[in-house]
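Structure first, commentary second.
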Ligand SMILES: *Cc1c(COP(=O)(O)O)cnc(C)c1O
């Protein structure tokens, strides 16, 4: 059976054990076979593959997968099988992981602040040519560490005003419009290819956010008077959660097309995007076990220091849930709202939900929590000794689907 136990999580991503390719038909089968007392992470490789195929088909340019979202080897391989060829790495470990697994991958180093050794090693050892930057100091670093290489692709990250995505990403990275224009000119003098990028924020529910960002990018390009070779509209594409059904992917693609057509881009300019969440969230569930119940509170074996940090106080996502009971099959009795507590001793290890589950949920039951392919396992810690988990591959449908993201063939499967 295809189960890998980690002695300790998180391991450095490049040292993780590869999965064997045996699969179980469904999450229920995996629970029956394993009766897992530790969290069980269920990967759906065919969903990652279908999402990659769908996204690369719809997007009029290059799709870079943001590796940080889920660096599991099975995930990277499935996206590759779906036709995805470009990877957005943010650390040297991610660069090495992708290069080791997928020798033909095109890797872009999209973190605007890098150590000198990371730049040097990415360029020399791993064949990375594209680097993001948002200051002139970073530009100098890249030029020095690549010894004035003539084959660089340099992408200037533009800061955006605070938007209305669920996660605002405006605070940390990005040059102001004025600085970005000057940086573009400096990059043009030394780089083989020059680009401009931004990120509208993660789980962005408003397609027009991309149009507004593109208009700002257009004003920077007009000021800089620089011909760019790539324009990167970033990530942020949303998925469904129980209280949130986003507009379909086509609406975002259409908004980007409108925004781009209003710009006066050189004919050869490539469009890039960097989705993370939208490519992987539906492809993984976490199965937790109920260790104790106190009224409306279920004490479960994974929490905010495990794969459920986005369900915790900081973000408070309500993930889709489903009760699994191996003696009596699936329950569809009367539902009630529960909150979850994670296994650690920290009182912040609490997930308010509300999570709707059969009212008789009890100790020993399992709960499948869906949409955790993005920013789930990737954020695990070993805090408080809760560092064990197992990983299985399954073939059933995701708990929740986002309109317009899977192909018609996949929907019918
Ligand atoms: C995290 C990140 C992404 C992916 O964002 P999603 O909202 O998950 O699509 C893309 N680009 C950059 C630079 C990021 O930091």
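The values are calculated or read from the model by the stated rules, or taken from the named source; none is laboratory data. As the structure is a prediction and not an experimental result, all values here were calculated from the model. Every residue, glycine among them, receives a Cβ derived from its backbone with ideal geometry; neighbour counts consider all protein chains shown.
Laid out as a table, the results:
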quantity	calculated
Pair list, Cβ under 8 Å, 6 or more apart: segment 195-219 residue over 15 Å from residue 174 (Cα atoms), other residue assigned to a helix (DSSP H, G or I) and within 13 Å of the ligand (Cβ to nearest atom)	202/277; 203/277; 204/210; 207/252; 210/252
Segment 27-64, subset part of a loop (DSSP other than H, G, I, E, B) and either surrounded by 22 or more Cβ atoms within 10 Å (Cβ to Cβ) or at pLDDT 95 or above (or both), residue nearest to the ligand (Cβ to nearest atom)	59
Boolean, residue 118 is more than 13 Å from the ligand (Cβ to nearest atom) and crowded, with 24+ Cβ neighbours inside 10 Å	no
Options 275, 282: the member that is within 20 Å of the chain's Cα centre (by Cα), within 16 Å of the ligand (Cβ to nearest atom) and not in a loop (DSSP other than H, G, I, E, B)	282
Residues located in segment 87-96, provided they are surrounded by fewer than 24 Cβ atoms within 10 Å (Cβ to Cβ) and away from the ligand (no atom under 12 Å from the Cβ)	92, 93, 96
Flag for residue 315 being over 23 Å from residue 390 (Cα atoms) and either under 24 Å from the mean Cα position of the chain (by Cα) or free of Cβ contacts under 8 Å to residues at least 12 places away in the same chain (or both)	yes
